[in-house]
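Some notes on the structure that comes next.
The values are calculated or read from the model by the stated rules, or taken from the named source; none is laboratory data. Remember, predicted model here, so these are calculated numbers, not experimental data. Positions of Cβ are generated from backbone atoms using ideal geometry, with glycine treated the same way; all protein chains shown enter the neighbour counts. The protein model used for the area step is the full one, side chains on, heavy atoms only, and it has no ligands, DNA or RNA in it. Shrake-Rupley method; radii C 1.70, N 1.55, O 1.52, S 1.80 Å.
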Amino acid sequence: MLSAIVIGAPYGSTKEQAAAIYANTFAQLGFVTLAFDQVYMGESAGEPRHVASPDLYAESFSAAVDYPGTKAKHVNREQISVIGISGGAGFALSAAAVDTRIKSVVTISMYDMTDIREMANLAPEQLFQLKDQLSKQRWDDFENGQPDYHPSFPEEPYDSIDDLPNHDELTNEWLRFYALKRGFHPNTRGTATTTSNLAMLEFSALDYIKEISPRPILFIYGDNAHSRSYSERAYYLANQPKQRLIVKKLRTY
């Protein structure tokens, strides 16, 4: 019987990108691997497209665990783990907190997409303005017949770094992968519908992270990573057994 690993794509990404790289690597090491598209994204179903629903994103990890445990008869059901990458990592932790079939969790360069308050560093009055703006956007979406959506990545890949738009360093770091031929995929336009942030504001991915114990969690992140604080907060909140793997690198982002 073989161990299985379920790999969720980064937020706004698709399975053919980072998730597939991890899946292929672990498959070569003898694991049964499954990389999947989140609901409303990539080749997964769901309308309207590009909606990000945190409860369904967490559910997608559990749905992905269903598959190797039922369809792959050579998989040991007691040895199924999940990997969450970047903005998908918080939802992997949320799923593991309630789904005891997940026997271990690895997060890589974690972003907690449900922690918009910290991500945007909003004062109370700014937070209210954001809620008010997003709430009223729902009326606009209804009148327009579709949700407001502003993709982050181009329809066609850029040929070189020199062709990238002039953004801040962090945005350009994402574009160097997703907007160039080495990481581009036509199903990946990045981000989610504008009003998806309302759902993130009413959901906390880490509320029950302590309940993952006694199953282990490994947090992997860079020493200078922009997302470092999310991994460290999750590590602080989690019960044992837990471990950090901090990767030293020269880049700031």
* Tell me, how many Å apart are the Cα centres for the range 109-123 and for the range 172-210? -> 12 Å
* Within the chain, which complete DSSP H helices have Cα atoms spanning at least 18 Å along the helix axis and a mean Kyte-Doolittle hydropathy of 0.0 or higher? -> none
* For the range 123-189, what's the relative contact order in percent, using C-alpha pairs closer than 8 Å and at least 6 residues apart? -> 29 percent
* Prolate/oblate/rounded call for the range 1-66, Cα gyration tensor, a/c under 1.5 rounded -> prolate
* **Max mean-square fluctuation residue, GNM over the chain, Cα-Cα springs under 10 Å, options Leu29, Leu122, Leu180** => Leu29
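How much of the accessible area of the range 1-85, in percent, comes from carbon and sulfur atoms when a 1.4 Å probe is used?
56 percent
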* Please compute the net charge surrounding Leu237, taking Lys and Arg as +1 and Asp and Glu as -1 over other residues with Cβ under 12 Å from its Cβ. => -2
* To do: Using per-residue counts of other Cβ atoms within 10 Å, averaged over each peptide, order 38-48, 98-108 from highest down.
  => 98-108, 38-48
* Would you work out if the range 118-198 is rounded, prolate or oblate? Take a ≥ b ≥ c from the square roots of the eigenvalues of the alpha-carbon gyration tensor; rounded if a/c is under 1.5, else prolate when a/b is larger than b/c, oblate otherwise. => oblate
* To do: Evaluate the relative contact order of the range 1-157 (contact order divided by residue number), counting alpha-carbon pairs under 8 angstrom at least 6 apart; express in whole percent.
  => 22 percent
* To do: With semi-axes √(5λ) of the Cα gyration tensor in Å in mind, check (i) 28, 21, 20; (ii) 38, 23, 16; (iii) 33, 20, 17 and report the label derived from this structure.
  => (i)
* To do: Could you look at the range 105-253 and say what percent of its accessible area is carbon and sulfur, using a 1.4 Å probe and all protein chains?
  => 49 percent
* Structure fact -> Looking only at aspartates and glutamates whose Cα falls under 14 Å of Lys242's and that sit 8 or more positions away or on another chain, we get Glu211, Glu232
* Structure fact -> Surpassing 24 Å at the alpha-carbon level, of the pairs Lys210/Lys248; Lys15/Lys71; Lys71/Lys103, are Lys210/Lys248
* Asked: Where does the chain land at 222 nm, in deg cm²/dmol rounded to the nearest 500, when only DSSP H runs of n ≥ 4 count, each adding -39500 (n - 2.57), divided by all residues?
  -> -11000 deg cm²/dmol
